[in-house]
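Structure first, then comments.
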Amino acid sequence: MSSKKTFENIKDLIKANYPLIYTVTSEYNRTMLYIRDMAFKNGYTFYVWDCVNNLNKHERNAKEIDYQEIPDCGDYVAALNHIAKSIEDKDTQDEKEIFI
């Protein structure tokens, strides 16, 4: 399958509100950048967690991307707990978020 078709499938799954998408890729940065750009264009809040940088919120400001570290999310369990708590605390389902 071509990468263009793969990215279109990911875009369709996100628009269909799939709660979890599992993707295996050898091109992590390219995939993350594509999903982040798609998120920004469609009004999603975008977060990335990794074991080095912890959980970070990405925000587009002018032509740059700003990274805001979410406190106390150093390990994956804390990051998952933060995600679960943010879902519980929402008053509305209008807020759209993507976590990688």
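With a simple spin-label model that places each label point 7 Å from the Cα along the Cα-to-Cβ direction, the separation between E64 and E97 comes to 2.5 nm. The relative contact order of the chain comes to 23 percent, based on Cα pairs under 8 Å that sit 6 or more residues apart. What is the stretch 1-71 by shape, rounded, prolate or oblate, if you read a ≥ b ≥ c off the alpha carbon gyration tensor as root eigenvalues and call it rounded for a/c under 1.5, prolate for a/b larger than b/c, and oblate otherwise? Prolate shape, in that a/c is at least 1.5 and a/b is the bigger ratio. As a quick test, which of the pairs K15/K63; K15/K90; K11/K57 have an alpha carbon distance above 22 angstrom in this structure? Cα-Cα > 22 Å for K15/K63; rest within.
Net charge dipole, the stretch 1-55: roughly 180 debye, given to the nearest 20, about the Cα centre with Cβ charges of +1 for Lys and Arg and -1 for Asp and Glu. Note on the chain: helix-only mean residue ellipticity at 222 nm, from DSSP H runs of 4+ residues weighted -39500 (n - 2.57) and normalised by residue number, equals -13000 deg cm²/dmol.
For the stretch 45-88, what is the charge dipole size about the Cα centre, in debye to the nearest 20, if Lys and Arg each add +1 at the Cβ and Asp and Glu each add -1 at the Cβ? Kindly include the intermediate steps, with their values, before the conclusion.
Values: 4 positive and 8 negative charges, 33 e Å.
Computed about the Cα centre, the dipole is about 160 debye.
The shape of the stretch 49-100 comes out oblate: with a ≥ b ≥ c from the C-alpha gyration tensor, a/c is at least 1.5 while a/b does not beat b/c. Charges on Cβ only, +1 for Lys and Arg, -1 for Asp and Glu, centred on the Cα centroid of the chain; of S3, L55, A79, which one is farthest towards the dipole's positive end? Farthest towards the positive end: S3. Output wanted: per-residue J couplings in Hz (rounded whole) for the stretch 72-80, from phi through Karplus 6.51 cos²θ - 1.76 cosθ + 1.60, θ = phi - 60°, x for Gly and Pro. Result, ordered by residue: 6, 10, x, 10, 5, 5, 5, 5, 5 Hz. In this structure, the amide hydrogen of F46, modeled 1.01 Å from its nitrogen in the peptide plane, lies closer than 5 angstrom to those of H58, I98, counting only residues at least 5 positions away or on a different chain.
Taken about its Cα centre, the stretch 3-99 carries a charge dipole of about 560 debye when Lys and Arg each add +1 at the Cβ and Asp and Glu each add -1 at the Cβ. In a shell of Cβ-Cβ distance under 14 Å around R60, excluding R60 itself, what net charge do Lys and Arg (+1) and Asp and Glu (-1) give? Charge balance in the 14 Å sphere: 0. Derived scalar couplings between HN and Hα for the stretch 50-64 equal 8, 6, 8, 9, 6, 8, 10, 8, 9, 10, 8, 10, 6, 10, 10 Hz in order, rounded to whole Hz, by the Karplus curve 6.51 cos²θ - 1.76 cosθ + 1.60 (θ = phi - 60°), x for Gly and Pro.
Between D89 and V77, the modelled labels are 2.1 nm apart [label points 7 Å from Cα along Cα→Cβ].
We did not get these values from a lab; they are worked out from the coordinates using the rules stated. Computed from a predicted structure; not experimentally measured. Here Cβ is always computed from backbone atoms with ideal geometry, including for glycine, and neighbour counts include all displayed protein chains.
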